[in-house]
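Notes follow once the structure below has been shown.
The values are calculated or read from the model by the stated rules, or taken from the named source; none is laboratory data. If you're wondering where the values come from, they're calculated on a predicted model, not measured in any experiment. All Cβ positions, glycine included, derive from the backbone under ideal geometry; neighbour counts span all protein chains shown. Just the protein is used for accessible areas: all its heavy atoms, side chains included, with ligands, DNA and RNA removed. Shrake-Rupley method; radii C 1.70, N 1.55, O 1.52, S 1.80 Å.
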Amino acid sequence: MVGPRLKGRHLLSCGDLSEDEVWSLFHLAKRWKSEKGNGEQRTILSGKAIALYFEKPSLRTRVTFDLAVHQLGGHPILLSQAEVGIGERESAKDVIRNLNRWVNGLVARVRQHQTLEEMAQYSQIPIINALSDREHPCQALADLFTLWEKWDGLKGKTLAFVGDGFNVSHSLLLLCAELGVHCRVSTPKGYEPNANIVQRAKERANRHGSQVLILNDPKAVVSDADAVYTDVWVSMGQEHEAAARLEVFRPFQVNDELLKGAKSDAFVLHCLPAHRGQEITDEVLDSDRCLALDQAENRLHIQKAILAALIGGFFDGTGDRS
Ligand code: CP
Ligand code: NVA
């Protein structure tokens with residue numbers, strides 16, 4: 001029963017969504033994916049404008065949000081940091097107070113998560129996090145949706161994240177915990193996920209019968225895992241740390257050798273863009289077990305469900321949890 005409860009809400013973190021809300025989004029995305037653009041979805045955002053604001057580069061997020069708004073009958077307005085200049089040309093507070101008067105929602109990729117939180121204080125329209133230095137919720141939702149399609153169920157599965165304890169790992173931790181998926185994260189020392197997010201994920205995991213484990217040993221987390229996930233070692237904005245990071249992350253490469261420890265039918269996930277030869281080898285990224293392109297495709301479908309529920313107020317009656 002997700003529609004009424006999600007209408008008008010922000011999505012800044014995976015921690016903003018309950019298990020039931022996530023499942024409703026998944027079922028809606030699945031239905032519309034199979035309808036291939038026909039039917040009810042075409043008018044949900046008609047007469048509505050959605051601002052898409054990017055402070056960092058993007059391929060997948062930019063294309064899929066633009067398409068998603070179009071396919072729901074809305075009008076996307078693309079804005080760049082160079083034009084709008086939040087915090088430089090104008091404060092976050094003043095930007096959102098203007099957007100409130102014109103558009104029905106804001107999708108924003110920001111350097112600092114704080115910018116989203118500041119805007120949310122003054123916002124009368126839903127704000128959707130399209131990646132910040134804390135989280136990437138739309139990515140994690142697409143990722144778990146992708147695994148659900150493959151497995152036909154999520155509870156009790158184990159996802160091993162190998163690499164940097166940064167935005168993508170944070171969203172995965174919070175979402176896996178809520179969905180009953182065991183989440184193990186392995187990073188080099190000093191690159192562990194944010195302690196507050198880990199604590200929050202553990203609290204969610206306790207309520208849903210899942211486990212959260214943070215280690216510094218990639219082999220240990222991959223052991224018997226159902227899925228192995230990795231992300232770049234040098235995220236956008238960390239380029240000045242590249243040399244040190246490439247050195248310290250080397251033992252955390254996802255390659256055929258590391259994957260020997262996982263289940264033989266384990267999937268490999270990557271949010272992309274990939275730095276081939278660094279966090280993942282060509283062989284693994286191009287292998288049949290790698291779901292990176294399914295994840296990318298599913299960004300479109302899950303984001304349509306998010307936009308429809310938060311901004312379109314679309315009500316979906318399904319209460320299924322699998
Ligand atoms: N995965 C992802 O968000 O890709 P982009 O940075 O290209 O949007
Ligand atoms: N951690 C990466 C994710 C890119 C989708 C980054 O922030 O650059």
Original post:
Does a label point 7 Å from the Cα of V63, set along Cα-to-beta-carbon, have any residues of the stretch 91-117 with amide nitrogen under 19 Å, and which are they?
Top reply: 109
Subject >> Cysteines in the chain lacking a second Cys C-beta under 4.7 Å >> reply: C14, C138, C271, C290
**OP:** Using only Cα atoms, find the angle between the long axis of helix 292-310 and the longest principal axis of the chain, and express it within 0 to 90 degrees, rounded to the nearest 10.
**Re:** 30 degrees
Subject >> Relative contact order for the chain, counting Cα pairs under 8 Å that sit 6 or more residues apart, in percent >> reply: 24 percent
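At a threshold of 8 angstrom on Cα-Cα distance, excluding pairs fewer than six apart, so keeping six or more, what relative contact order does the stretch 229-322 reach in percent? Working shown, then result.
Details: 79 pairs, mean separation 26.6, N = 94.
After rounding, I find 28 percent.
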Original post:
Pulled fully out, how much extra length does the chain show between F315 and E19, if you take 0.36 nm times their separation in residues and subtract their Cα-Cα distance?
Top reply: 104.9 nm
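Return the loop-located GluC sites (Glu not before Pro) in the stretch 74-103 (DSSP other than H, G, I, E, B) with at most 11 other Cβ atoms within 10 Å of their own Cβ; answer none if there are none.
Working: sites: E83, E88, E90; in loops: E88.
Those that pass, being in a loop and sparsely packed, are E88.
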**OP:** Let me know the shape class of the stretch 205-322, please: from the alpha-carbon gyration tensor, a ≥ b ≥ c as square roots of the eigenvalues, rounded when a/c is under 1.5, otherwise prolate if a/b is greater than b/c, or oblate.
**Re:** prolate
Original post:
Which value in deg cm²/dmol, rounded to the nearest 500, describes the helix-derived mean residue ellipticity at 222 nm for the chain, given -39,500 (n - 2.57) per DSSP H run of n ≥ 4 and division by the residue count?
Top reply: -13000 deg cm²/dmol
Subject >> Per DSSP, loop trypsin sites (Lys or Arg not before Pro) in the stretch 135-201 with at most 15 further Cβ within 10 Å >> reply: K155, K189
Subject >> Residues of the stretch 87-113 with amide N under 17 Å of a point placed 7 Å along Cα→Cβ from I77 >> reply: 90-109
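With a cut-off of 8 Å between alpha carbons and a minimum separation of six or more residues, what is the relative contact order of the stretch 117-218 in percent?
Values: 169 pairs, mean separation 25.3, N = 102.
Relative contact order, the stretch 117-218: 25 percent.
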Original post:
Taking Cα centroids, how far is the stretch 172-238 from the stretch 89-108 in Å?
Top reply: 33 Å
Subject >> For the stretch 219-300, accessible area per residue (1.4 Å probe, heavy atoms of protein chains only), Å² >> reply: 46 Å²
Subject >> Whole-percent carbon and sulfur share, accessible surface of the chain, 1.4 Å >> reply: 47 percent
Original post:
In nm, to one decimal, how far is the A120 label point from the W102 one, both placed 7 Å along Cα→Cβ?
Top reply: 2.4 nm
Original post:
Once both labels are modelled 7 Å past Cα along the beta-carbon direction, what's the K263-K219 spacing in nm?
Top reply: 2.2 nm
